[in-house]
Amino acid sequence: MKNTEQNLHHILTTQRASLLSEWQKRVRRTSALQLREDFDGHTPDNVLEEFFDLIVKQITTKQDYHLLRQRIFSGEINAFTPDAACRLLIALKKTVLRRLKSFTHNAEAIFDEILLRISAYYHEMRYRNLAQRQSQNLRQRNIEIARLLAVEKQRAAHLTTNNRIAQMALSTLDPSEIFRRIVHEVQQSFNYQHVSLYFLETHANQMVMKARAGVYEKHFPEGYRQNVGEGIVGHVVASGNPIMANDVANDPRRIIAFPQEKNTRSELCVPIKTADRVLGALDVLSRKKNGFNWTDVQSLMVLTDQLAWVIHNAHLFQETRELQDELVQSERLAVIGEMSARIAHEIRNPLATIGGFARSLQRAPTPDRIDTASRIISCEVTRLEELLTDILNYTRPRKLELEPINLPDLITDVYHQVGEGLESRGITYRQNAPSDLPEIPLDPAQFKQVLINIFKNAFQAMPNGGKLHVHIRKKEDQPHIEIEIRDTGPGIPTEIQDEIFKPYFTTKTKGTGLGLVISKQIVERHGGTLSFTSHSGSGTTLSIHLPDLSSRKSL
Ligand SMILES: Nc1ncnc2c1ncn2[C@@H]1O[C@H](COP(=O)(O)OP(=O)(O)OP(=O)(O)O)[C@@H](O)[C@H]1O
Ligand SMILES: [Mg+2]
């Protein structure tokens, strides 16, 4: 302290004259602005310090001295407002003036000038600081806005990509094609250096790269594999948690598959998982250090959720397809098995008859035999032809060739064709039709087939005679025709009613079980319906409803 006092004394005595002239010079300047410029090279704190050093000697006790210095030059000086600085000076005015007067007669003017200078300086400083702070704030706000904008832009881009990927996921494309498109979409949308998609092979405890896009597309060999627990991808698949490695050069988990991979500085890997298991991982690379942020992580996690769905659906799709194939195969085999057994059974009898008569003709070709045999052979051949027609009709339905048909005439024709000699078996036939019935567009050959099948069934159901009634009705309010074919046979037992439209269902020894199936098929291809009502013991009614086909030429 002694030293300080000695120093101050020294300043006061040696520099007094020069300081005084300095102050006086400055006082002479009238413009505050001008005076402020004088501060160039000096901070006002220096000036104040000089000034207070000059007057401090006036402070008699050491405590006063310390207090003053402390208040002015240490902490408080920084918080000086012009008012505070001036108030301090005013508070010290008496002391200051007394001290100033000891070396100048112009003490009052100097004091005022000091006040003015301090006030002006601090005002300027205050505004300069304020402006500086504001521009700094503005800059910071701009930086923050730019950062937020970048984040939002990134988010929006991720969202758009995610939407596009969601659409892909819902598409019916082959799953491997979906995966290929997804990695390309992700790589291009976010300009990642490389993107790979790995699937876990649980049985081998390995991951297989299923799709990839980016700079290393050609470097990774087809079907590239990595062990679970090894490398960043392996760690992710093992733990089920994402890893953001923003400086891979210093990451011991990283595995380099080929030298070019050294160009990668950051790696982000996100698991693809369902509620209960990890299915694989999506791995993205960046050539920049700190190449990824949390928006990348979040977006990729949304994406991998969708991917989990794609994979799940793909598995389901695959399983369903395999199951379907198996079913179709077994159904087809069953149908072929049943069909061939029936066909074999059906053709065996006519063939045996034909063979028997042909052989008997070979042995003794008497005119009598020739006559009987040829008739029977021709009859059996017709049966075989019909059987073949039935099978072909069922397996390969023909295109309809519609033409206007007089329905009552067509039905009568069929009756004569099928019902030959039936009257002698005690079967009576009746047919009603409205007189104004228009011609109806039908495929005559195929529609005849329907009627033949139904008539045959009716005749076969009445081996001991009965009645066959055909009613044709035209509904005025609805544009369709109804044909009812009613027999007085035993009816169809309730327990088989659900079966009669199934292929190969028959209760007859010589039936193929295709008659009704084919008939239904043909009626439906005309846009109509075929149904029946039957009660055991009270006959059967087959009903054909045909829509108005007048506008159609062919189906
Ligand atoms: N009018 C009917 N009265 C009683 N049962 C009938 C009648 N029509 C059909 N059925 C029953 O429906 C079964 C299936 O008939 P469908 O015409 O499809 O085959 P099918 O007559 O047995 O053999 P086909 O191929 O020679 O016609 C018949 O076997 C028979 O049991
Ligand atoms: Mg039949």
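Some points to look at:
- Using a Förster distance of 51 Å, the FRET efficiency for residue 255-residue 137 (Cβ separation, nearest 0.05): 0.60
- Site pair residue 358 and residue 97 shows an inter-label distance of 15.2 nm when each label is modelled 7 Å from Cα along Cα→Cβ.
- Each residue of the range 446-452 was assigned a 3J(HN,Hα) from its phi angle through the Karplus curve 6.51 cos²θ - 1.76 cosθ + 1.60 (θ = phi - 60°); the sequence is 6, 5, 4, 4, 4, 5, 4 Hz, with glycine and proline shown as x.
- Relative to the current alpha-carbon distance between residue 505 and residue 146, full extension at 0.36 nm per residue lengthens the span by 121.5 nm.
- Here r is the Cβ-Cβ distance between residue 366 and residue 340 and R0 is 35 Å; the resulting FRET efficiency, rounded to 0.05, is 0.40.
- Residue-wise HN-Hα couplings along the range 194-201, as the Karplus relation 6.51 cos²θ - 1.76 cosθ + 1.60 with θ = phi - 60° gives them from phi, are 7, 9, 10, 10, 10, 10, 7, 10 Hz; Gly and Pro carry x.
- Taking 7 Å steps out from each Cα toward its Cβ at residue 298 and residue 191 produces label points 2.2 nm apart.
- At q = 0.09, 0.17, 0.21 Å⁻¹, base-10 log of I(q)/I(0) for the range 397-547 (Debye sum, equal scatterers on each alpha carbon): -0.27, -1.01, -1.52
- Contour excess over end-to-end distance, with Cα ends at residue 203 and residue 262 and 0.36 nm allotted per residue: 18.1 nm
- Packing-based ranking of 487-500, 427-440, 223-236 yields 223-236, 487-500, 427-440, ordered from highest to lowest mean Cβ neighbour count within 10 Å.
- Ranking of 370, 347, 522, 354 by count of other Cβ atoms within 10 Å, fewest first: 370, 347, 354, 522
- Tail weight of P(r) past 21 Å, computed on alpha-carbon pairs of the range 169-315, percent: 37 percent
- Contour excess over end-to-end distance, with Cα ends at residue 164 and residue 398 and 0.36 nm allotted per residue: 79.8 nm
- Amide H contacts for residue 433 (H built 1.01 Å from N in the peptide plane; partners 5 or more residues away or on another chain; cut-off under 5 Å): 472.
- Nonlocal amide H pairs with residue 201, under 5 Å, H built at 1.01 Å: 206, 207, 208
- Summed side-chain charge close to residue 248 - residues other than residue 248 whose Cβ falls under 10 Å, Lys, Arg +1, Asp, Glu -1: +1
- Amide H within-cut-off set for residue 442, under 5 Å, with H built and near neighbours excluded: 403, 405
Only the coordinates and a few stated rules stand behind these numbers; no lab work does. Everything numeric in this text was worked out from a predicted model, so none of it was measured. Positions of Cβ are backbone-derived with ideal geometry, glycine not excepted, and every protein chain shown enters the neighbour counts.
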